[in-house]
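S.K.: Okay, here's the structure, questions in a sec.
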Amino acid sequence: AQSVTQLDSQVPVFEEAPVELRCNYSSSVSVYLFWYVQYPNQGLQLLLKYLSGSTLVKGINGFEAEFNKSQTSFHLRKPSVHISDTAEYFCAVIPANQAGTALIFGKGTTLSVSS
Amino acid sequence: DSGVTQTPKHLITATGQRVTLRCSPRSGDLSVYWYQQSLDQGLQFLIQYYNGEERAKGNILERFSAQQFPDLHSELNLSSLELGDSALYFCASSPRVGGKNTEAFFGQGTRLTVV
């Protein structure tokens with residue numbers, strides 16, 4: 001079975017500062033990895049995904065994530081955050097040999113950006 | 001707009017009652033997933049339907065049931081409601097099972113409050 005641990009439940013940062021949201025996963029098989037964002041009172045929107053190939057994945061809104069197989073991590077980064085990045089961020093995983101099955105989510109990280 | 005439509009957006013009901021949540025997936029998507037989001041449990045996968053058939057079950061209570069109709073819309077039925085069932089219920093859809101087209105598109109959710 002797979003599991004996801006998001007190491008920080010809340011991350012407060014100032015506007016224009018860099019940010020890293022940490023995600024570790026556990027799996028005995030290869031996985032696909034995802035980051036979703038949930039803005040207040042909205043559904044989840046895909047930020048980026050890693051399926052294969054380059055371990056550095058670029059997503060929307062200036063976010064990127066790096067897949068590290070040896071450390072079983074998939075940390076999300078942004079070099080300079082904006083107030084509008086304030087949201088809940090979820091890391092998710094599915095087994096690579098079971099594409100189309102349900103995403104398994106971490107408990108989420110609340111990113112709060114202040115001026 | 002993800003293309004996934006959930007109704008109603010808000011629902012307030014009393015303990016012991018039964019409610020039905022509705023989801024219309026993106027046009028052409030065969031797979032529908034239901035998730036429950038609560039503060040203490042995070043995003044929990046409930047159940048998946050694929051082209052009208054139940055495909056996978058997660059942490060779904062026996063008091064809950066779902067179905068997917070020939071037009072591919074889905075309904076989640078919650079009965080004998082308890083205060084602890086208060087949560088945000090999300091529906092997501094994806095095109096098919098298998099392959100690398102793994103992105104799930106989420107609706108805006110139905111917020112259920114049991115009083």
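Bear in mind that the values in this text are calculations on the coordinates, not laboratory data. Fair warning: this is a prediction, and the values are worked out from it, not measured in the lab. No Cβ is skipped: glycine too gets one built from the backbone with ideal geometry, and neighbour counts run over all protein chains shown.
S.K.: Please name all residue pairs, on different chains or six or more residues apart, with Cβ atoms under 7 Å, provided the first residue is in region B:27-51 and is at positive phi and the second residue is in a loop (DSSP other than H, G, I, E, B).
M.R.: B:G28/B:P95; B:G42/A:K107; B:G42/A:G108; B:N51/B:L30
S.K.: Of the residues A:V57, A:V13, A:V19, A:V81, only one is crowded, with 21+ Cβ neighbours inside 10 Å, more than 30 Å from B:W34 (Cβ to Cβ) and among the aliphatic types (A, V, I, L, M); which? Working first, answer last.
M.R.: Details: A:V57 fails: more than 30 Å from B:W34 (Cβ to Cβ); A:V13 fails: crowded, with 21+ Cβ neighbours inside 10 Å; A:V19 fails: crowded, with 21+ Cβ neighbours inside 10 Å.
It is A:V81.
S.K.: Additional query: Please indicate, with yes or no, whether at least one residue in region A:28-51 is basic (K, R), closer than 24 Å to B:G109 by Cβ and in a strand (DSSP E or B).
M.R.: Yes, there is a match, as at least one residue in region A:28-51 is basic (K, R), closer than 24 Å to B:G109 by Cβ and in a strand (DSSP E or B).
S.K.: Test B:D71 against the stated conditions and say whether it is assigned to a loop (DSSP other than H, G, I, E, B), more than 16 Å from A:A102 (Cα to Cα) and within 11 Å of chain A (Cβ to nearest Cβ).
M.R.: Spelling it out, it is not the case that B:D71 is assigned to a loop (DSSP other than H, G, I, E, B), more than 16 Å from A:A102 (Cα to Cα) and within 11 Å of chain A (Cβ to nearest Cβ).
S.K.: In the set A:S26, A:S3, A:S52, A:S9, which member is farther than 19 Å from A:F105 by Cβ and among the polar types (S, T, N, Q)?
M.R.: A:S52
S.K.: Can you name every residue in region B:12-37 that is part of a strand (DSSP E or B) and in contact with a helix residue (DSSP H, G or I) (Cβ under 8 Å, 6 or more places away or on another chain)? Can you show your working first?
M.R.: Of all residues in region B:12-37, those part of a strand (DSSP E or B) come to B:12-13, B:19-24, B:31-37.
Residues satisfying the conditions do not exist here.
S.K.: Restricting region A:84-115 to residues that are more than 8 Å from chain B (Cβ to nearest Cβ) and assigned to a loop (DSSP other than H, G, I, E, B), which is farthest from the chain's Cα centre (by Cα)?
M.R.: Restricting to residues being more than 8 Å from chain B (Cβ to nearest Cβ) and assigned to a loop (DSSP other than H, G, I, E, B), the top hit is A:S115.
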